[in-house]
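Here's the structure, in structure tokens; my notes come after.
Any read-out appearing in this document is the output of simple, stated calculations on the displayed coordinates, not a laboratory observation. Keep in mind the model is a prediction, meaning the values are calculated, not measured. Neighbour counts run over all protein chains shown; Cβ positions are idealised from the backbone, glycine included.
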Amino acid sequence: MLRCDGVDNRRPLGSIVPMRSLRSSGASSGTSRGPGYLDGQMLIAMPGMSDERFQRTVIYVCAHSREGAMGIVLNKPAADLSFPDLLVQLDIIPQDGAIRLPSRVERMHVLVGGPVETSRGFVLHSPDFFIDDSTLPIDEGVCLTATVDILRAIAGGGGPESAVLALGYAGWSPGQLESEIQANGWLNCPADPTLVFGPSLESKYDLAVRKIGIDLGMLSSQAGHA
């Protein structure tokens, strides 16, 4: 669960890496990505993925540089935690406020974004919502905000048109992600906002694979880029 003590309007939901590290990776502009870096792309786990935490996962890469990488798993729901429950825990709505939430808010998933810092939350969202000094554009179609402000906006019927909330993140040390790709652990491809924000978690992996025209039967023996 998110840490709920002492919540105020500007309290961070979580920190992925320091904001200056995200900006230096090119994540803040969406256009200055360094050669060979994958921020703004998706990772699709290969069928032979040995780490069960990442089997059949689709990950959106938020930051990637020589300092390492971090991303958000897009297709693993948090067990026994709904978005309205989370809003209550953060004192954004009262206990009985869930019945008055907009229907799209009630349907929002809470995701397990990865195994690192699972008590912290991150919101990936469409670029129609922006908070100065808090929102980081990752690419043209996806931004990241990690303050309670965005949850207040969403609960009030505003906020971004599309959003997913994740608890925790996936992190890689310098060179680790590159090594895992070379070792046939991941396929990477350009991100598709319709997949990033798509509501069907169960089918997201198969949709991601089909969208890039890859035969699942071939993935176990091939590594590479779509």
Name the long-range amide H neighbours of V142: under 5 Å, sequence gap of 5 or more, or other chain; modelled H, no Pro or chain starts. none
Can you list residues from other chains, or at least 5 along the same chain, whose modelled amide H is less than 5 Å from the amide H of A78? V110, L111, V112
Compare the peptides 209-216, 93-100, 105-112, 79-86 by average per-residue count of other Cβ atoms within 10 angstrom and give them in order, highest first. 105-112, 79-86, 209-216, 93-100
Could I have the simple spin-label model distance between S179 and E202, label points 7 Å from Cα toward Cβ, reported in nm to one decimal? 3.8
